[in-house]
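**Q** The structure's right below; bear with me while I get my questions together.
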Amino acid sequence: MNTAGKVIKCKAAVAWEPYKPLSIEDIEVAPPKAHEVRVKIISSGICGSDSSALNGIVETKFPVILGHEAVGIVESIGDGVTQVKPGDKVIPLFVPQCGLCRACKSPNGNLCEKNEFAAKTGMMFDGTSRFTCKGKQIYHFASTSTFSEYTVVSDICIAKVDSRAPAEVCLIGCGFATGYGAAVNTAGVTKGSTCAVFGLGGVGFSAIIGCKDAGASRIIGIGSHKDKFPIAKQLGATECICPKDYDKPIQEVICEMTNGGVDFSIECAGRTETMMTALECTYCSNGVTVVLGVAAPKEKLSLHPGLLLTGRTLKGSIFGGYKGPDVTELVLDYMNKKINIDYLVSKKLTLDKINEAFELLRSGKGVRSIVIF
Ligand code: NAP
Ligand code: ZN
Ligand code: ZN
């Protein structure tokens, strides 16, 4: 049946209010307007940031359709869309690429000024939503809203990918690119270096893969769930430690293990204490710390400037520093077996089981769950 130009009725997981489980609802998805694309979702990962949106750590408007780590097929396009056509396989981008702003024109950085992180409109760029449910308007999330059988995204929030790419590549839409890019792009991990990765979730595991691919000789994974240590080691961690096993601060333990500190540390837990620990465990003269975790709005980092004065660098990145076309390349790298994301998928579920996936994420069990539509 040709659905182009028509409202599509489909299933979506709606978050009616914060701190509550998602509800599987019948929703209406309006056709794409000019420079918009309607996408039939194939799979969507459940990222720590989706959980943080539900828990008030990422400021979000409700009711909302969460989800921002997906792969799908273009169902129809609005006027003026030239990058993709119906039938193309695509990854929605939560970091847009307008190509015109200062950030897009710069070779450094990737945070297009059209991003939703500061604006937090919960809307398409024309200020309206494409979703309704039970007569109510539903907000968009992170320019993507992928916990729905169909979504609408702007044509600056989409990357065309290899038509053969399997459901697992949804992870390239956030978690994998974020962690991997933090190591290879933001930190610039060097051959033979020592690295510490804090927080063994989907992002942390991807950072470990990035450190390994960049040639690090020692990669220390720091986490509280020891059942995940064997997978971390399979992916490239040379050792894994649990802070609870030591009677002194873990930064001291790491400094002792590494003759004064690691060259690179990557924070993937989203806690300010862990961010400080990540900074303090780097070597004074040249240590680099990359913050990826999202902390609650009122949280602050408090540090003595001497930590930086002595030569350390503290930085962060969104989506691993990648821009839209890089996503196409990452999927090709996966297809050509240059990168492996398969171990990151610990569970596949159907949409009606999405709250189970949120529970697994909250309890720190498994690495990444993905919804298969
Ligand atoms: P995740 O699967 O929940 O992983 C986070 C890991 O951090 C957990 O598995 C846990 O590791 C550790 N952790 C969480 N809460 C903790 C606590 N209270 N105490 C100690 N350790 C804790 O989440 P994710 O998807 O990997 O995302 C990680 C962070 O990156 C989140 O803050 C997320 O919002 C953020 N993020 C940022 C970007 C970006 O562009 N910068 C993109 C995606 C996600 P153990 O089980 O090993 O203890
Ligand atoms: Zn831009
Ligand atoms: Zn994410």
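The values are calculated or read from the model by the stated rules, or taken from the named source; none is laboratory data. As the structure is a prediction and not an experimental result, all values here were calculated from the model. Using ideal geometry, Cβ is built from the backbone for each residue, glycine included, and neighbour counts are taken over all protein chains shown. Protein only, heavy atoms only, side chains kept; ligands, DNA and RNA dropped before computing areas. Shrake-Rupley method; radii C 1.70, N 1.55, O 1.52, S 1.80 Å.
**Q** Assuming G109 fulfils every condition listed in (1) open to solvent by 20 Å² or more (accessible area, probe 1.4 Å); (2) within 16 Å of ligand 1 (Cβ to nearest atom); (3) at pLDDT 95 or above apart from one, which condition is it?
**A** Against the list (1) open to solvent by 20 Å² or more (accessible area, probe 1.4 Å); (2) within 16 Å of ligand 1 (Cβ to nearest atom); (3) at pLDDT 95 or above, G109 comes up short only on (3).
**Q** I've got another one for you. What pairs can you find where one residue is in the range 352-373 and not assigned by TED's automatic domain parsing to the domain that holds G223, the other is open to solvent by 40 Å² or more (accessible area, probe 1.4 Å) and assigned to a helix (DSSP H, G or I), and their Cβ atoms are less than 8 Å apart, with a gap of 6+ or different chains?
**A** K365/D227; G366/L360; V367/I231; V367/Y343; S369/E356; S369/L360; S369/L361; V371/K353
**Q** Just checking: which of the helices (runs of 4 or more DSSP H) contained wholly in the range 270-354 hold 1 or more residues that are of a type in the set (S, T, N, Q) and within 25 Å of S163 (Cβ to Cβ)?
**A** Details: elements: 272-280, 306-309, 324-335.
Where helices (runs of 4 or more DSSP H) fall fully within the range 270-354 and carry at least 1 residues being of a type in the set (S, T, N, Q) and within 25 Å of S163 (Cβ to Cβ), they are 324-335.
**Q** Scanning the range 324-373 for residues that are among the acidic types (D, E) and closer than 23 Å to S23 by Cβ, which turns out surrounded by the fewest Cβ atoms within 10 Å (Cβ to Cβ)?
**A** Result: D352.
**Q** Quick one: in the range 264-301, of everything that is among the acidic types (D, E) and surrounded by fewer than 24 Cβ atoms within 10 Å (Cβ to Cβ), which residue is farthest from S51 (Cα to Cα)?
**A** E280
**Q** Could you say whether any residue in the range 40-51 is outside the structural domain of L292 (by TED's automatic domain parsing), open to solvent by 20 Å² or more (accessible area, probe 1.4 Å) and within 12 Å of ligand 3 (Cβ to nearest atom)? First the steps, then the outcome.
**A** Let us first name the residues in the range 40-51 that are outside the structural domain of L292 (by TED's automatic domain parsing), namely 40-51.
Then keep just the ones that are open to solvent by 20 Å² or more (accessible area, probe 1.4 Å); that gives 40, 42, 48-49.
Keeping just the survivors that are within 12 Å of ligand 3 (Cβ to nearest atom) gives 48-49.
Among the residues of the range 40-51, at least one is outside the structural domain of L292 (by TED's automatic domain parsing), open to solvent by 20 Å² or more (accessible area, probe 1.4 Å) and within 12 Å of ligand 3 (Cβ to nearest atom), which makes the answer yes.
**Q** Just one of the numbered conditions (1) open to solvent by less than 50 Å² (accessible area, probe 1.4 Å); (2) in a loop (DSSP other than H, G, I, E, B); (3) away from ligand 2 (no atom under 16 Å from the Cβ) is not true of T186; which one?
**A** Answer for T186: the failing condition is (2).
**Q** Restricting the search to the range 1-25, which residues are in contact (Cβ under 8 Å) with a residue 24 or more places away in the chain and under 12 Å from L351 (Cβ atoms)?
**A** C10, K11, A12, A13, V14, L22, I24, E25
**Q** Taking the range 346-370, which residues are under 15 Å from I42 (Cα atoms) and within 16 Å of ligand 3 (Cβ to nearest atom)?
**A** I354, S369, I370
**Q** OK, next. Out of everything in the range 96-109 that is out of contact with any Ser or Thr (no Cβ under 8 Å at 6 or more places or on another chain) and in contact (Cβ under 8 Å) with a residue 60 or more places away in the chain, what residue ends up being farthest from Y150 (Cα to Cα)? Step through it out loud before you land on a result.
**A** Quick first cut of the range 96-109, residues out of contact with any Ser or Thr (no Cβ under 8 Å at 6 or more places or on another chain) only: 97-109.
Keeping just the survivors that are in contact (Cβ under 8 Å) with a residue 60 or more places away in the chain gives 97, 104, 109.
On the way: Q97: 22, C104: 28, G109: 30 Å.
So the residue we want is G109.
**Q** Output the number of residues of the range 54-72 satisfying the condition of being crowded, with 24+ Cβ neighbours inside 10 Å and under 25 Å from L344 (Cβ atoms). Walk me through it before giving the result.
**A** First, pick out the residues of the range 54-72 that are crowded, with 24+ Cβ neighbours inside 10 Å: 64-72.
Next, only the ones that are under 25 Å from L344 (Cβ atoms) stay: 65-72.
Qualifying residue count for the region: 8.
**Q** Next up: Give the residue, chosen from P18, P86, that is surrounded by fewer than 18 Cβ atoms within 10 Å (Cβ to Cβ), within 16 Å of ligand 1 (Cβ to nearest atom) and assigned to a loop (DSSP other than H, G, I, E, B). Step through it out loud before you land on a result.
**A** Numbers: P86 fails: within 16 Å of ligand 1 (Cβ to nearest atom).
Exactly one residue qualifies, and that residue is P18.
**Q** Another question, then. Which count do you get for residues in the range 143-164 that are in a loop (DSSP other than H, G, I, E, B) and touching a strand residue (DSSP E or B) at 6+ places or on another chain (Cβ under 9 Å)?
**A** Residues of the range 143-164 in a loop (DSSP other than H, G, I, E, B): 143-147, 149, 155-157, 161-164.
Checking which are touching a strand residue (DSSP E or B) at 6+ places or on another chain (Cβ under 9 Å) leaves us with 143-147, 149, 155, 157, 161-164.
Residues flagged as in a loop (DSSP other than H, G, I, E, B) and touching a strand residue (DSSP E or B) at 6+ places or on another chain (Cβ under 9 Å) within the range 143-164 amount to 12.
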